[in-house]
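Encoded as structure tokens, the structure appears first; notes follow it.
The values are calculated or read from the model by the stated rules, or taken from the named source; none is laboratory data. All of these numbers come straight from a predicted model, not from anything done at the bench. Side chains included, ligands, DNA and RNA excluded: accessible areas come from the protein's heavy atoms. Shrake-Rupley method; radii C 1.70, N 1.55, O 1.52, S 1.80 Å.
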Amino acid sequence: MFIVFEGIDGSGKSTQARILADTFESLGIPYVLTREPSDGIVGQKIRNLTTRLGPREEFRLFLEDRLDHVQRVVAPAIRDGKHVICDRYYYSSAAYQGAQGMDPIEIIEENRSRVPVPDIVFLIEVPIETALNRITLSRSGRFSIFEKRKDLEAVARMYKTFKDPVIKRIDGEKPSAEVHLEIVGYLKKAGLKICKG
Ligand code: TYD
């Protein structure tokens, strides 16, 4: 299964991706845990940006990274019959570059025509205040160029508009163990065998 985690920075999506990977690990379920921006050359270039580019330039760069990431990591894992757990994917482009003025539907369409479509997307939702507090606590107040309050508000508004049926909206304010159980519940319903023994 191709499983994607989405949400604004500070939503807890990376934590949930990691907890799910730990569960797969302990049950001997084959998986790959990965993320975007990826650890490839373009992904590293994105992580080292010190200013924001225009939305089209960002869109192009994130898509370039995605094509590279799919070719290097996602497609081989799917071919090998492994589950893929991906922290951010093209819904991040739709939300973040959409928040900067691009059409989110066009972004999703363009991506869908070029890369594998996920089976299920967990969109972890939290109020902006919670997200900003978590970023402050976890990184001692170091915010990246994508994390200005007004920008994040616009991103959150974008995420709210997405209607794709693969998206499962999860209340990220609940304790993380509860969030994890909800995610496992959705995966079981989708046909994944997750049980001990
Ligand atoms: P993030 O998951 O926050 O990485 P890290 O946890 O290492 O800081 O991703 C970095 C930023 O990239 C994030 O603020 C959202 C942004 N982003 C986009 O704007 N478009 C995209 O397509 C992707 C994948 C990420």
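Arg139 accessible area, nearest 10 Å², 1.4 Å probe?
Surface accessible to solvent at Arg139 totals approximately 80 Å².
On a 1.4 Å probe surface of the protein chains, which of Glu57, Glu147 comes out largest in accessible area, and what is the full order?
Glu57, Glu147
Counting heavy atoms of the protein chains only and a 1.4 Å probe, report the per residue accessible area for segment 45-148 as a whole number of Å².
49
Leaving ligands, DNA and RNA out of it, work out the accessible area of Tyr31 with a 1.4 Å probe and give it in Å² to the nearest 10.
60
Given a 1.4 Å probe and the protein chains all in place, what does the accessible area of Tyr96 round to, in Å² to the nearest 10?
The accessible area comes out at roughly 20 Å².
Using the structure shown, select from Lys45/Lys168; Lys82/Lys189; Lys82/Lys163 the pairs with a Cα to Cα distance greater than 23 angstrom.
Over 23 Å Cα-Cα: Lys45/Lys168; Lys82/Lys163.
DSSP beta bridges in segment 2-189, what fraction antiparallel, as a percent rounded to 5?
Rounded to the nearest five, the antiparallel share is 0 percent.
In whole angstrom, note down how far apart the Cα centers of segment 35-65 and segment 169-190 are.
Using only Cα atoms, the two centres lie 29 Å from each other.
Considering just Cα atoms, how many Å³ per residue does the convex hull of the chain enclose?
117
Determine the gain in length on full extension of the stretch Val117-Ile194; use 0.36 nm per residue of separation and subtract their C-alpha separation, reporting nm with one decimal.
So the extension gain works out to 25.5 nm.
What aspartates and glutamates sit close enough to Lys188 to cross-link, taking a C-alpha to C-alpha distance under 14 Å and skipping anything fewer than 8 places away on the same chain?
Straight-line reach from Lys188, under 14 Å: Asp119.
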